[in-house]
Amino acid sequence: MIDIGRFLAKTCNGVSRRSFLKVGAALPFLPAAAAEAVESAPRARSVLFVFLWGAPSHLDTCDPKPNAPSEYRGPFGVIPTRTPGVHFTELLPRVAQRSHRFTLVRSHVTSAPGHPDGGTVALTGFEEAPGPVQPNFGSIIARHNGHQSGALPPFFSIASGMLADAGRRIEGYGGGTLGGRLDPFMVGASENGVVSVPALHLLDDLNPGRIGDRQLLRTQLDRVPKLLDSSRVDGWQRTYRKAYELLSQPASRDACELTRESPPTRARYGRTVFGQSALLARRLVEAGVPYVQLNYSRHPEAMNPGFEFGWDTHIYNFELLQDQHCPVFDRAFSALLDDLHDRGLDEHTLVVCMGEFGRTPKINHRAARDHWPQCYFSIWSGAGIEGGRVIGQSDKLGEHPVTDPLSPLMVGTTIAELCGVNTEARAAMRVLDDGRVIEGLA
């Protein structure tokens, strides 16, 4: 089912197309690609960027240090992966058994130590500065690829709400210098598999019971500009028509219909918000969406004591990872890798999984870990990425890379190269300046 405001509308029984028109108020896309871009054959037709918002501890997940002093190594045992000589902690047994399907990177560094600013760097490659921020990697791919999936927008972000901390959002969430029309299309999913579009709550009385004729529909649409801030009024007449097309086409609606999946498939992902969101991400990729950002974000199983969120574990780090975050992630992410492989989608789908930074190798005075931008990890799979290997290495305490440090700008540049956004295309868009690819990935 899809939540479209104050009612739930099944998408397989012919509900009036007009009841979906509220989405137009927030649809920021025009079907434009970078006409000036120089085309190159892409290895990746779609990207699934799994953003572990809040920053997971690398020592307690994918880069354990079992021989480090106790004030560093933490309480968890280590287990072998399917990659010889590579170990994870015991908290990720399913992902560890799928290491033959991905490359692990252990030498990331970033320049921003806070969540909103670190999130901007993680998603754009650049720090926040006066004026427009640089575009999200997804906006770059969306600009280059355009609406290759028909009515579906080229850039989706799956979360329960805007990515924000202490009331401040990640500025690099969307189009930035490329324009607001390339902001992501926001959707969410509940643990029951109900997909929602937050922007659809704009007109509460736009529903099948009230929309019975063209005149009333026109009256409702005429009200929209008065309800929008000035930045969203521009282009309304262009975008609402695209919104109508988006949700009036059965194939487009079906991509968001999780109940079409079998109960065993939905159970494999886990009956959690993140699990069902991961399943939605797979369906969007399968429908041909060029870029999907799947956020482990503000949902019930991600909230922590002290009003922290996601992987932001300044207190109860070990308890939260053991009882909450790692089991949810391990189940959903491993199911996602399996599903992409079994359906043959991994051949042309790039999966990148990472947070905005790591966490302090030395345990803090609250028996937890704080922010650590000096070293963290990522996972890369699909689109020709070689599985069963590791790029980069951290020191014996997990504090710093001992190999070439890899920046978020390099992450974005590598994604772009794999999607066919080559040097000339990036220069034409004025994005990812001075970026270089991660050797061994592109």
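Points to keep in mind about this one:
- Pick from the range 80-135, criterion among the polar types (S, T, N, Q) and assigned to a helix (DSSP H, G or I), ranking: nearest to residue 426 (Cα to Cα): 124
- Condition broken by residue 92, with the remaining ones in (1) touching a Cys at 6+ places or on another chain (Cβ under 7 Å); (2) surrounded by fewer than 18 Cβ atoms within 10 Å (Cβ to Cβ) satisfied: (2)
- When 121, 105, 109 are screened for being in contact with a Leu (Cβ under 9 Å, 6 or more places away or on another chain), in contact (Cβ under 8 Å) with a residue 60 or more places away in the chain, closer than 14 Å to residue 163 by Cβ and aliphatic (A, V, I, L, M), only 121 passes.
- Test result for residue 310, at positive phi, at pLDDT below 90 and surrounded by 18 or more Cβ atoms within 10 Å (Cβ to Cβ): yes
- Residue 375 under 23 Å from residue 66 (Cβ atoms), hydrophobic (A, V, I, L, M, F, W, C) and in contact (Cβ under 8 Å) with a residue 24 or more places away in the chain: yes
- Residue 76 meets each of the listed conditions (1) farther than 21 Å from residue 389 by Cβ; (2) under 16 Å from the mean Cα position of the chain (by Cα) apart from (2).
- In the range 366-423, the qualifying residues are those that are among the polar types (S, T, N, Q) and touching a Ser or Thr at 6+ places or on another chain (Cβ under 6 Å), and the one that is farthest from residue 345 (Cα to Cα) is 403.
- Among the residues making up the range 47-79, a single one is in contact with a helix residue (DSSP H, G or I) (Cβ under 7 Å, 6 or more places away or on another chain), more than 21 Å from residue 314 (Cβ to Cβ) and assigned to a loop (DSSP other than H, G, I, E, B): 66.
- Residue match in the range 415-435 (condition: touching a residue at least 40 places away in the same chain (Cβ under 8 Å) and among the hydroxyl-bearing types (Ser, Thr, Tyr)): no
- Hits in the range 327-369 - residues which are farther than 17 Å from residue 271 by Cβ and within 17 Å of the chain's Cα centre (by Cα): 337, 340, 346, 349, 350, 351, 352, 353, 354, 355, 356, 357
- Filter result for residue 438 (of a type in the set (Val, Ile, Thr), in contact with a Cys (Cβ under 9 Å, 6 or more places away or on another chain), on the phi < 0 side of the Ramachandran plot and crowded, with 16+ Cβ neighbours inside 10 Å): no
- Conditions (1) farther than 21 Å from residue 397 by Cα; (2) crowded, with 20+ Cβ neighbours inside 10 Å; (3) polar (S, T, N, Q); number of the one not met by residue 110: (1)
- All positions within the range 163-184 that are of a type in the set (A, V, I, L, M) and under 15 Å from residue 53 (Cα atoms): 163, 164, 166, 170
- Yes/no for residue 82 being surrounded by 16 or more Cβ atoms within 10 Å (Cβ to Cβ) and of a type in the set (Lys, Arg): no
- Exclusive hit being in contact (Cβ under 8 Å) with a residue 60 or more places away in the chain and either of a type outside the set (Lys, Arg) or touching a helix residue (DSSP H, G or I) at 6+ places or on another chain (Cβ under 6 Å) (or both), set 342, 312, 395, 323: 312
- When the residues of the range 146-176 are filtered to those that are among the aliphatic types (A, V, I, L, M), at pLDDT below 85 and in a loop (DSSP other than H, G, I, E, B), the one that is surrounded by the fewest Cβ atoms within 10 Å (Cβ to Cβ) is 166.
- Every pair of residues 6+ apart whose Cβ atoms lie under 8 Å, when the first sits in the range 166-192 and is closer than 29 Å to residue 270 by Cα while the second is hydroxyl-bearing (Ser, Thr, Tyr) and in a loop (DSSP other than H, G, I, E, B): 188/160; 191/272
- Selection of first residues in the range 66-79 that are surrounded by fewer than 15 Cβ atoms within 10 Å (Cβ to Cβ) and of second residues that are of a type outside the set (Gly, Ala, Ser) and in a helix (DSSP H, G or I), restricted to Cβ pairs under 7 Å at least 6 apart or on distinct chains, gives the following pairs, ordered by first then second residue: 66/73; 75/318.
- Within the range 133-140, one or more residues are more than 26 Å from residue 360 (Cβ to Cβ), of a type in the set (Val, Ile, Thr) and touching a residue at least 60 places away in the same chain (Cβ under 8 Å).
- In the range 228-283, the qualifying residues are those that are within 18 Å of residue 181 (Cβ to Cβ) and part of a loop (DSSP other than H, G, I, E, B), and the one that is modelled with the lowest pLDDT is 235.
- Residue ID - farthest from residue 415 (Cα to Cα), chosen from residues in the range 41-73 that are aromatic (Phe, Trp, Tyr) and within 25 Å of the chain's Cα centre (by Cα): 53
The values are calculated or read from the model by the stated rules, or taken from the named source; none is laboratory data. Remember, predicted model here, so these are calculated numbers, not experimental data. Every residue, glycine as well, gets a Cβ built from its backbone with ideal geometry; the counts of neighbours run over all protein chains shown.
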